[in-house]
Amino acid sequence: MREDFAEILRLVRPGARVLDVGCEDGELLELLTREKRVDGQGLEISPAGVAACLAKGLAVVQGDGDRDLDHFPTRAFDYAILSKTLQQMREPKHVLSELLRIADQAIVSAPNFGHWRMRMSLMARGRMPETRALPDPWWATPNIHLCTLLDLTDLCRELGLRIDACAALTAGKPARPIRPDGFLENWRAETVLFLLSRQPEDRSAETPKDLFGEVALPKPETGPKPRRKRAKT
């Protein structure tokens with residue numbers, strides 16, 4: 001199982017309405033349907049991907065995520081998922097905005113071009129890097145809008161999106177919750193995973209969350225309680 005799929009599975013609550021944009025052969029959608037009993041739908045541009053999804057009994061429509069998200073009704077889903085696909089979109093800014101129009105929350109994963117392997121490869125070889133996260137040569141890659149962790153964080157801020165949780169992913173290792181604006185994380189994160197929502201109108205209603213969407217409850221006070229003074233008679 002892809003490491004981002006494992007974390008997405010943990011994030012999505014059982015029985016949720018889910019749209020998987022760029023679902024390819026339906027591997028993630030099938031996993032969510034089987035393990036979380038979601039009411040899932042896929043959007044895939046490739047006829048071969050659509051055929052593979054239909055063969056698995058999944059609900060999928062053929063369409064282009066750059067253009068066809070506009071046709072979905074507002075707040076039709078609980079989650080819109082875009083796993084390692086944002087960098088392939090012609091208009092990533094529009095796509096992110098549309099994800100949070102049609103769903104309450106968006107789960108977005110993307111390779112981090114600021115990872116140290118990328119930097120070292122580019123500096124040492126003077127050529128476009130080929131790594132585990134980005135294995136294709138420059139002339140064959142579908143990626144047209146590569147970005148770093150900080151770039152993606154800035155775009156979310158510009159669109160008024162709230163980052164409910166963020167994690168760094170590295171092949172073969174568990175997800176690591178991170179601060180998306182952390183300088184060192186832009187070097188360390190090979191792939192990043194965001195849980196996004198719209199900024200609430202009432203900022204006082206914001207509740208801090210951890211990677212898996214659980215409420216971060218305040219810690220109980222420690223130490224002995226002060227003694228109550230007896231009233232003088």
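The values are calculated or read from the model by the stated rules, or taken from the named source; none is laboratory data. Predicted, not measured: the structure shown is a model, and the values here were computed from it. Because the Cβ atoms are built from the backbone with ideal geometry, glycine has one as well, and the counts that use them run over all protein chains shown.
Between 21, 50, the distinction of being surrounded by 14 or more Cβ atoms within 10 Å (Cβ to Cβ), out of contact with any helix residue (DSSP H, G or I) (no Cβ under 6 Å at 6 or more places or on another chain) and without any contact (Cβ under 8 Å) to a residue 24 or more places away in the chain belongs to 50 only. Regarding residue 212, is this residue at pLDDT below 80 and under 25 Å from residue 87 (Cβ atoms)? It is true that residue 212 is at pLDDT below 80 and under 25 Å from residue 87 (Cβ atoms).
Being surrounded by 15 or more Cβ atoms within 10 Å (Cβ to Cβ) and outside any loop (DSSP other than H, G, I, E, B), is that true of even one residue in the range 135-142? I'd like the intermediate steps shown before the answer.
Our first condition is that a residue be surrounded by 15 or more Cβ atoms within 10 Å (Cβ to Cβ); within the range 135-142, this holds for 141.
Still in the list and also outside any loop (DSSP other than H, G, I, E, B): none.
No; the residues of the range 135-142 include none that is surrounded by 15 or more Cβ atoms within 10 Å (Cβ to Cβ) and outside any loop (DSSP other than H, G, I, E, B).
Taking the conditions (1) modelled with pLDDT under 90; (2) in contact with a His (Cβ under 9 Å, 6 or more places away or on another chain) in turn, residue 187 satisfies each one other than (1). Of everything in the range 168-195, what is touching a residue at least 60 places away in the same chain (Cβ under 8 Å) and in contact with an Asp or Glu (Cβ under 6 Å, 6 or more places away or on another chain)? Give them in sequence order. Selection gives 169, 170, 175, 193, 195. Of the set (1) in a helix (DSSP H, G or I); (2) touching a Ser or Thr at 6+ places or on another chain (Cβ under 7 Å); (3) within 22 Å of residue 82 (Cβ to Cβ), all apply to residue 117 but (3). Of all the criteria given as (1) out of contact with any helix residue (DSSP H, G or I) (no Cβ under 7 Å at 6 or more places or on another chain); (2) surrounded by 14 or more Cβ atoms within 10 Å (Cβ to Cβ); (3) part of a loop (DSSP other than H, G, I, E, B); (4) among the charged types (D, E, K, R), the one not satisfied by residue 90 is (2).
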